[in-house]
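This report concerns only the one structure given below.
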Amino acid sequence: MTNLMNMPLQLTGDTTPVVSFRKVRKAYGPIVVLEDLNLDVAAGETVTIVGPSGSGKTTVLRVLMTLETINGGCIYVDGKPLTHMEKNGVLVPASQKYIRSRRSDIGMCFQHFNLFPHMTALENCMEGPVQVLNMPKAEARDRCVELLEMVGMLHKMDQHPSRLSGGQQQRVAIARALAMRPKVMLFDEVTSALDPEVIGEVTNVIRKLVAEHNLTMLMVTHQMGFARDISDRVCFFYGGKIEEQGTPAELFSNPQRERTQQFLRAVKEAI
Amino acid sequence: MGFLEFLAQYWPRLLSGTWVTILIFACSAVLSIALSMIAGLCKLAPTPLLRAVAVCYVELFRGTSLLVQLYWIFFVLPLFGLTIEKFTAGCLAIGLNIGAYGAELVKGAVLAVPRGQWEAALAINMAPAQRMRRVILPQALVIALPAWGNLLIELLKATALVSLISVSDVMFEAKQINGQTFLSAQVFGAALVIYYILARCLLTPGMRSLEKRMRSKLGSA
């Protein structure tokens, strides 16, 4: 935590990245998952993280969602520290209360949807706005109905998750996350648990989000075609670091690093 | 004297005893459920003090005999100036004892709610208490319900011990009748049947329908 103040973010108006990882380190005991990770995501940018399993992709999203605490470095959101807070001019690990005040900028969708099984689709979406944002029920309902319509789930809004297919559950989960109006949306392998024939209905919703909304998105996926289509930038992760990054065209068509080439070749063979 | 003849003569006393048994059961069940929720959640609390208190409670009441606990509350506490009326003492002892077992059930059920549910609740920025109340507990209750059915049957049968501090429950009445008539087979046979009917015909179906209702609320039935 020593050198954090020596590497302040450049706060230059519009160019301030919405998300900044600065020398972020995450380890589980002796296993280092993220090693001095630096990563900036600009406002409105869609960044996709690809890489072999165990390379730390998902951990990037999980530490940003504050599901896990980091062991070193600092994560900034909107130019302000998320994992740390300033105390007497020094950055110290943030309190739960502080993290909670900053976490509202971030929304996340999970591989296994994680809808609340005891609530209907609509109730799932309304839970956050009503309970966390203290929004009047009628207003929250309007907002959520609109979102459910956008993800094409309005006709199932009174169903419990157990009555919905995986693709439908994931679309409700996207609406639930969006209902909190996050600045940054995280998608953690949102199609990995889905049957092949319903992957399209989820990726189409995300495509629509990218096209019509100015959301900042950070996504982990194994769908290389999808990543290529929607990303502004693709980061190839290897061993807890960004091995290579670039536009989809650069990374997929002309990878420079050998590990990237190997990975892409292996992925291609699998198809 | 035949069994039916016996029942014809003594049913009013047995019935009034049964009623007291049901009352004790209801009061101690409410107490044990409340205690088990509190202790179970305290066992999971981040504060070491709360955890320690919960552990002490569970160990003390689960690790010692219910009958001894009952005698302590009824016969020993008055020596320290705390006199508790017998009915209350009976409910208290049973509620505290079963609550200690229930605490483990609550804790286990909360931990059995999939991790993804905690994470999803955190991702929409719910406060820890909201997370527990709105997301985790409703699901944990459904998980814990079958085990609770079991425990409540245990609780019902444990109520027979209050007869030893002269609460006039069905067991107390049975012993009284036995003392007066020496019709042991009939009177204790009747007591056996009464406990069985209470457990099998009231408690078990009740829990089962509750389980069904909760499950359908979860949308999985």
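Values in this text are rule-based calculations from the coordinates and carry no lab data. Bear in mind the structure is a predicted one, so any value in this text is a computation, not a measurement. Glycine also receives a Cβ, built like all others from the backbone with ideal geometry; neighbour counts cover every protein chain displayed.
Per-structure values
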| quantity | calculated |
| --- | --- |
| Electrostatic dipole magnitude of the protein assembly as shown [Cβ: Lys, Arg +1; Asp, Glu -1; Cα centre; debye, to 20] | 680 |
| Whole-number percent relative contact order across the range B:3-218, with pairs defined as alpha carbons under 8 Å at least 6 apart | 28 |
| Karplus-derived HN-Hα couplings along the range A:100-105 (A = 6.51, B = -1.76, C = 1.60, θ = phi - 60°), whole Hz, x at Gly and Pro | 5, 6, 9, 5, 5, 6 |
| Whole-Å semi-axes of the ellipsoid equivalent to the protein assembly as shown (Cα gyration tensor, √5λ, descending) | 60, 26, 19 |
| Amide H contacts of A:Arg25 (H built 1.01 Å from N, under 5 Å, at least 5 apart or other chain) | A:Asp36, A:Leu37, A:Asn71, A:Gly72, A:Gly73 |
| Kirkwood Rh and Cα Rg combined as Rg over Rh, evaluated for the range A:116-271 | 1.04 |
| Relative contact order [Cα under 8 Å, 6+ residues apart], the range B:6-86, whole percent | 13 |
| Cβ-placed point charges (K, R +1; D, E -1), dipole of chain A about Cα centre in debye, nearest 20 | 660 |
| For the range A:115-181, size of Cβ-based charge dipole, Lys and Arg +1, Asp and Glu -1, in debye | 140 |
| The range A:115-192-the range B:103-137 distance, computed between alpha-carbon centres (Å) | 19 |
| Relative contact order [Cα under 8 Å, 6+ residues apart], chain A, whole percent | 24 |
| Kirkwood hydrodynamic radius of chain A, Cα pairs, Å | 19.4 |
| Bridge type composition, chain A - antiparallel percent by DSSP, nearest 5 | 60 |
| The range A:217-271 - Rg and Dmax from Cα coordinates, angstrom | 10.4, 28 |
| Chain A: Cys lacking any partner C-beta under 4.7 angstrom | A:Cys74, A:Cys109, A:Cys235 |
| Translational diffusion coefficient (Stokes-Einstein; Kirkwood radius from C-alpha pairs) of the range A:115-181 at 4 °C, 1.567 mPa s, in µm²/s | 115 |
| Shielding by partners, peptide A:117-129 (average Cβ within 10 angstrom, other chains) | 4 |
| Principal axis dimensions, largest first and in whole angstrom, of chain B by Cα | 70, 49, 21 |
| Using θ = phi - 60° and Karplus 6.51 cos²θ - 1.76 cosθ + 1.60, couplings along the range A:116-121 (whole Hz; Gly, Pro as x) | 7, x, 8, 10, 6, 4 |
| Fluctuation leader among B:Gln176, B:Gln69, B:Gln130 - chain B, Gaussian network, Cα springs under 10 angstrom | B:Gln130 |
| Stokes-Einstein D for the range A:7-133, Kirkwood Rh over Cα pairs, 4 °C, 1.567 mPa s (µm²/s) | 80 |
| For the range B:59-72, 3J(HN,Hα) per residue [Karplus equation, 6.51 cos²θ - 1.76 cosθ + 1.60, θ = phi - 60°, Hz, x = Gly/Pro] | 5, 4, 8, 8, x, 10, 6, 4, 5, 5, 4, 4, 5, 4 |
| GNM result for chain B, Cα springs below 10 Å: residue of B:Glu85, B:Glu211, B:Glu173 fluctuating most strongly | B:Glu85 |
| DSSP beta bridge pairing in the protein assembly as shown, given as percent antiparallel to the nearest 5 | 60 |
